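Following: one structure in structure tokens, then a few remarks.
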Amino acid sequence: NAGVTQTPKFQVLKTGQSMTLQCAQDMNHNSMYWYRQDPGMGLRLIYYSASEGTTDKGEVPNGYNVSRLNKREFSLRLESAAPSQTSVYFCASDPRTGNRQWANTIYFGEGSWLTVV
Amino acid sequence: QKEVEQDPGPLSVPEGAIVSLNCTYSNSAFQYFMWYRQYSRKGPELLMYTYSSGNKEDGRFTAQVDKSSKYISLFIRDSQPSDSATYLCAMSALSNNNDMRFGAGTRLTVKP
């Protein structure tokens, strides 16, 4: 019973390097999300995908790109990492198909700790 | 000013105490209100949710929403050491329910 799986769990990058965070869910959910969590800031939405083939910007999209590869997978890419992107990244999913629906079953992965030096 | 304000604590209480956790918000469009629990080095898990104003009870947990004051609360009765975690409030508007806005989280410790 995997739920939402994120890889890698820990990563250290040098400024300017690129990397991709992978996320996969096995619950046949339509909507998937990427959040970052910083001390004193709570969780902030980076990008979301309401369905396969669609992506939308959240509150803090600058410096990131996403790909909804298929219904199961939603990746987050840092093209040129900066120290300000040091954070804990969470992927999440829920069964909604539109932004005006309500879901009471939102599942988060266990997080990816990223440090940019 | 942040859209959602939450006292980060930390909050330490003895086992059996009643805990009150609170958030205030500024966006009057928020209609859905949620509380998440997050254990150390884990992802958040949805604890309770409410729509618009009112109360909702689930076991030892009660969520309250006062839209007129833009204030939400989570009460934990008979608190247990297993309740020790960070509690995050979150909220979203009907127009874009995918975009949840979170508080910074309150770290709670329940001492045996």
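The values are calculated or read from the model by the stated rules, or taken from the named source; none is laboratory data. Bear in mind that the values here come from a model prediction, so they are computed numbers and not experimental data. Because the Cβ atoms are built from the backbone with ideal geometry, glycine has one as well, and the counts that use them run over all protein chains shown.
A few comments on the model shown:
- Within the range A:1-17, the set of residues being out of contact with any helix residue (DSSP H, G or I) (no Cβ under 9 Å at 6 or more places or on another chain) and surrounded by 11 or more Cβ atoms within 10 Å (Cβ to Cβ) comprises A:G3, A:V4, A:T5, A:Q6, A:T7, A:P8, A:K9, A:Q11, A:V12, A:Q17.
- The range B:28-51 residues that are within 17 Å of A:Y107 (Cβ to Cβ), paired with ones that are assigned to a strand (DSSP E or B) and among the acidic types (D, E) (beta carbon under 8 Å, 6 or more apart): B:Y36/B:E45; B:R37/B:E45; B:Q38/B:E45; B:M48/B:D58
- If you filter the range B:67-90 down to residues that are surrounded by 18 or more Cβ atoms within 10 Å (Cβ to Cβ) and over 24 Å from A:G109 (Cβ atoms), you find that the one that is nearest to the other protein chains (Cβ to nearest Cβ) is B:I72.
- Filtering the range A:12-30 for residues that are assigned to a loop (DSSP other than H, G, I, E, B), within 13 Å of the chain's Cα centre (by Cα), at pLDDT 95 or above and at positive phi leaves an empty set.
- Within the option set A:Q37, A:Q85, A:Q22, being farther than 25 Å from B:E5 by Cα and among the polar types (S, T, N, Q) holds for one residue only, A:Q22.
- Hits in the range A:36-95 (condition: surrounded by 14 or more Cβ atoms within 10 Å (Cβ to Cβ), assigned to a loop (DSSP other than H, G, I, E, B) and within 14 Å of chain B (Cβ to nearest Cβ)): A:M41, A:A50, A:S51, A:T55, A:G58, A:E59, A:V60, A:P61, A:P95
- Flag for B:E15 being in contact with a helix residue (DSSP H, G or I) (Cβ under 8 Å, 6 or more places away or on another chain) and farther than 19 Å from B:G105 by Cβ: yes
- Selection from the range B:50-103 of residues that are among the hydroxyl-bearing types (S, T, Y) and farther than 13 Å from B:Q31 by Cβ: B:T62, B:S68, B:S69, B:Y71, B:S73, B:S79, B:S82, B:S84, B:T86, B:Y87
- Residues that are in contact (Cβ under 8 Å) with a residue 12 or more places away in the chain, part of a strand (DSSP E or B) and within 14 Å of another protein chain (Cβ to nearest Cβ) within the range B:91-112 comprise B:M91, B:S92, B:A93, B:N97, B:M100, B:R101, B:F102, B:T106, B:R107, listed in sequence order.
- Scanning the range B:94-112 for residues that are buried (at least 17 other Cβ atoms within 10 Å of the Cβ), on the phi < 0 side of the Ramachandran plot and of a type outside the set (K, R) yields B:N97, B:N98, B:M100, B:F102, B:G103, B:A104, B:T106, B:L108, B:V110.
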